[in-house]
Each structure stands twice: as C-alpha cells, then as structure tokens.
Amino acid sequence: MDHSEAPVLDALAAYHREGQLPFTPPGHKQGRGADPRVREVLGDAVFRSDVLAISGLDDRESRGKVLERAQELMADAVHAEQTFFSTCGSSLSVKSAMLSVAGPGEKLLVGRDAHKSVVSGLILSGVRPIWVEPQWDASRHLAHPPAAAAFAAGFDEHPDARGALVTSPTPYGTCADLAAVAAACHERGKPLIVDEAWGAHLPFHPDLPAWAMDAGADVCVTSVHKMGAGLEQGSVFHQQGDLVDPSVLKQREDLLGTTSPSVLLYAGLDGWRRQMVEHGHGLLQDALDLAAGVRAEISALPGFDVRGADEFTGPGLAYALDPLPVVVDIAGLGVTGYRAADWLREHHRVNLHLADHRRISAQLTFADDKETAGRLLAALRDLHAHIGSLRGTPAVEVPAPGDLRLDLAVLPRDAFFGPAEQVAAPDAAGRVCAEMLTPYPPGIPAVLPGERITSPVLDYLRSGVSAGMVVPDASDASLDSVRVLVED
C-alpha cells in the first residue's frame, strides 16, 4: 500500500481548497462564530479543521471512503487484518473489544491489574470476571502482568470462559509474554484481547517489546495519544484471525461510540501512521538512545534508583520492558513519589507521567530531545539537592500481596447499580464495595464494585490519601467514608 497517502489529511485539505460552505454542525462554522478570546488560545487552525466526518470530510454516502482507506493503511502498517479508529480513547476501545468476546453473565479471564476502563466495561456489560493474578514483586510493591501459566490455569478451572484480557505494557513499561498467553488461549480455541494502550509505538522498532498483533493476539487496543503523536482520545483497535468477528467488533464500537467523531482526532491518527511508516525506526532509535542516556544520568544521583530490565524482568516478574518510561524508585530517600512530583511541577514546571508511594516516572517519546531531557535532568538534580526538605510525609501502609487480593462477592454490575449507602470508613471493612477506588495514575482499581473490603486495603488507601494519593472515582475523595452495597 502507498503509505505516503494520508486520506483524512488529504480530504481535509481538499475541503478547504474547494471552499466547502457548511450549514451543518459544528455551530462555530470554521471558527467564524467562536469567541476571539477562545481562538486566541486554541488557534484558528483548530476550528478550521473541526468539520463533520460525513457531509463534510466525506459526502453524505461516504463515497470517498476516506475513513475506510485510512483504517486500511493503519492495519497494513501494524500487521493487522482490520483496524478501527476511535475518538473516545482506549477506554471505549477496550470496552468494545470486551463486548465482542463476552456478553452478560458470561465469563472472561481478566488480569487483575486491569485499568479502570476495563472494570467500567464489566459494569456496563454484566460480564463475570475471572481474575487472573498479576506477578507481584513484594519487595518493590509492584504488580507485573500475569504469566501465561496463570491464564492457562484459569481456563482449566473455567473452561466456559469466553476469552482472556491482559494489560501489556503496564504504565510502568512492563510487558507480558504475549506469544505464550496467546498460545494458552488458542490451544483452547479462545480469543485474546490485549489492552496495549501504552504500546502504540511497539510495531515500529525491533528493539522494543513484541507487538500484540505479531505475538498472535486476536484484538488489541492502542492509545495513539499516549506513546504516539495522536491527539488526546485518539485510539485504534486492531483485529486478526477468526476468533473475533470484525463485524461484531465494529457493531460494539458503534453501540458505545459517539455519532459525532472528531475529524481532528482522525487526522492525528492518519498522519501519525504515515510518519511512523516513513520515519518511525529512526525516530524511535533516537528515543531509545536518549532514554539510555537519561537513565544513566539519573542513576548517578545517590538514592535515585532507576528501574530497568534487571529489576523488572525475570522469573516471577515481567517478561519484557519498554525502556521509554523511565521509572525511578526514591523509597530509600524517605520521600513519596507524590511529594516529589508536586515539587517538580511547582519549582520547575516539569510534569511527570505518574507518581506512587515510592516512585516517579518520566515518559519519554520520540518527541523528546536533548533540550527536554536536559530540563528533566536539571529538575531532578535540583530535587535531589532539596530532598531533605521533602521528608516527613505520612507513610503509606502498603499491604503484602496476599492482603491486596479481595474476594469478589457480587458481580461488579450488580454491586454498582444495587442499593447502596455511604458509611464511615472504619465501618466499611467487611462490606461489599459499591464503587471503584482507584489510585490515579496509573488507574488500576485497588477495590472494585462487588469486592469485599478488608482493613489492610482500606488502611492502604486512607494512608495513601493522607500522603498525597488521588482517588478520583471515590464518591468521597477523602475516603473518610465509602459507598457500600446494602446486603439482604
């Protein structure tokens, strides 16, 4: 295929060249009606390119096949059979994938380190999750993707499960052995969904971890806005093989997706694909070289423990590691990642990818260069110089791995929509949770609707909030109270 094409961008240029006049949404009419104060901040180009996808970018019957050709080019670029664009982020894409494999009351094997968007899919669909435990690093208090053997055991115990879902890479860059997980699924005739939101760049350089389609996954979801050059909410999901019907997948996306997709997001996805096919290897090689240098520089700071393959991969840990998320453990310095991240933003205007009770992480992409890396390194050196002033925050009471495992007493859907009450946090222990409680980022729920709350997990979350953890989906963000199911 001719990857010098960019069908969405070409159609958008033609729209302007032809002087198309809209009597359709959007109501700002190419920015003519937008407040000048808004245009001053956003720029005229945003409004000028914000047009309808149908009866705008393409005609009323979509005879130009603009989106269709753009999706075909994307599929070819990443070795998929089918690709679908989504303008609602991978949060929608992963729900579409789940609903194409399992329906209400049916079982789906799901890694328990799944993002909250997966849990939202369980709530909306009524699918019964069969949790597959991650591989826990107890000494570093971190979960890595589940092993293939764990998925195989899950299928052996639940042969009626319709398929499996694994998250890889994690927000920390750790990856599952996708080929082995796919083999465990396919030996039983079951499809594998990969939530690969953090892996849009993986197909375009051989030194990066294996790409889900190349590893044999049936459906995978990628957030091009995370590690690619798409606009926020720009996502794609890919399909191959005959275990997931692409027409069903498209129907599920149509059920959940917007009827007013953003052409701006389509254009970002289309242009990024062309960029990666033409220049991706070189751009990513530069990023990998830059990341190696940044890792070495940070490692030279006493107490800044940069985590790499030696710490994150091996037996009982992750299978592979994407080196572009630079994860730094500062636990030995007696400072939380929350406090460090806040200090960096306040004093250096440097915003980190994520922070937890003991780590900070800087996400590098091919957009970074020596200038941005230099600013990051200067900020971290200054952080190190001021680290003494940041000590003294409350400790986070992190449970042992066994205490983090909660029993699913009620289906997530039933608990979320069931009768509920708000109770004081000390009284929530032993009760069934009716909401998600999710430290964010990275967005992996500590407690799900339907799980029975325990004191160790409650103490972890409440001590975390005191130390700077954010739990945005709790009805009471302070966690002085918790929403629980009213049981008979």
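The values are calculated or read from the model by the stated rules, or taken from the named source; none is laboratory data. Since the structure is predicted, the reported quantities are computational estimates derived from the model, not experimental observations. Methodologically, a virtual Cβ is constructed for each residue, glycine included, from the backbone with ideal geometry; neighbour enumeration extends over all protein chains shown. The area values use the complete protein model at the heavy-atom level, side chains included, leaving out ligands, DNA and RNA. Shrake-Rupley method; radii C 1.70, N 1.55, O 1.52, S 1.80 Å.
After finding the eigenvalues of the alpha carbon gyration tensor for the stretch 249-372, what semi-axes result from the square roots of 5 times each, listed largest first in whole Å?
32, 19, 18
Hey, how much of the P(r) for the stretch 1-134 falls beyond 24 Å, as a percent of Cα pairs?
Counting pairs separated by more than 24 Å, the tail of P(r) holds 53 percent.
Between Ser139 and Asp427, 0.36 nm times their residue separation minus their Cα-Cα distance comes to what?
100.7 nm
Relative contact order, percent, of the stretch 424-488 when contacts are C-alpha pairs under 8 Å separated by at least 6 residues?
Once divided by the residue count of the stretch 424-488, the mean separation gives 41 percent.
So what's the projected area for the stretch 185-331, the Cα convex hull averaged over all directions, in nm²?
The number I arrive at for the stretch 185-331 is 11.5 nm².
Report, in whole Å, the centroid distance computed from the Cα atoms of the stretch 370-420 and the stretch 195-234.
Between the Cα centre of the stretch 370-420 and that of the stretch 195-234, the gap is 24 Å.
Roughly what % antiparallel, to the nearest 5, for the DSSP beta bridges in the chain?
70
How much length is gained if the chain between Arg391 and Arg48 is pulled fully straight, taking 0.36 nm per residue apart and subtracting their Cα-Cα distance, in nm to one decimal?
In short, 118.5 nm is gained.
Using a 1.4 angstrom probe with every protein chain in place, what is the largest-first accessible-area order of Cys433, Cys88?
Cys88, Cys433
Please state the equivalent ellipsoid semi-axes for the chain: what are the square roots of 5 times the Cα gyration tensor eigenvalues, largest first, in whole Å?
35, 29, 24
State, to one decimal in nm², a quarter of the convex hull surface area for the C-alpha atoms of the stretch 312-442, i.e. the direction-averaged projected area.
Averaged projected hull area, Cα only: 11.8 nm².
State, as an integer percentage, the relative contact order of the chain based on alpha-carbon contacts under 8 Å between residues 6 or more apart.
14
On alpha-carbon atoms, Rg over Rh for the stretch 116-223 using Kirkwood Rh?
Expressed as Rg/Rh, it is 0.95.
Quick one: pull the percent of accessible area on the stretch 231-320 belonging to carbon and sulfur, 1.4 Å probe, ligands and nucleic acids left out.
52
How high is the relative contact order of the stretch 285-340, given as a whole-number percent (alpha carbon pairs under 8 Å, six or more residues apart)?
About 35 percent, as a whole number.
Sticking with the crude label model, points 7 Å out along Cα→Cβ, report the distance from Asp382 to Gln285 in nm, one decimal please.
About 3.5 nm, to one decimal.
Just how many % of Cα pairs in the stretch 98-177 lie over 22 Å apart, if you round to the nearest whole percent?
When every Cα pair of the stretch 98-177 is considered, 23 percent fall beyond 22 Å.
With point charges of +1 on the Cβ of Lys and Arg and -1 on the Cβ of Asp and Glu, referenced to the Cα centre of the chain, which listed residue (His347, Ile54, Cys220) lies farthest in the positive direction of the dipole?
Going by the Cα projections, it comes out as His347.
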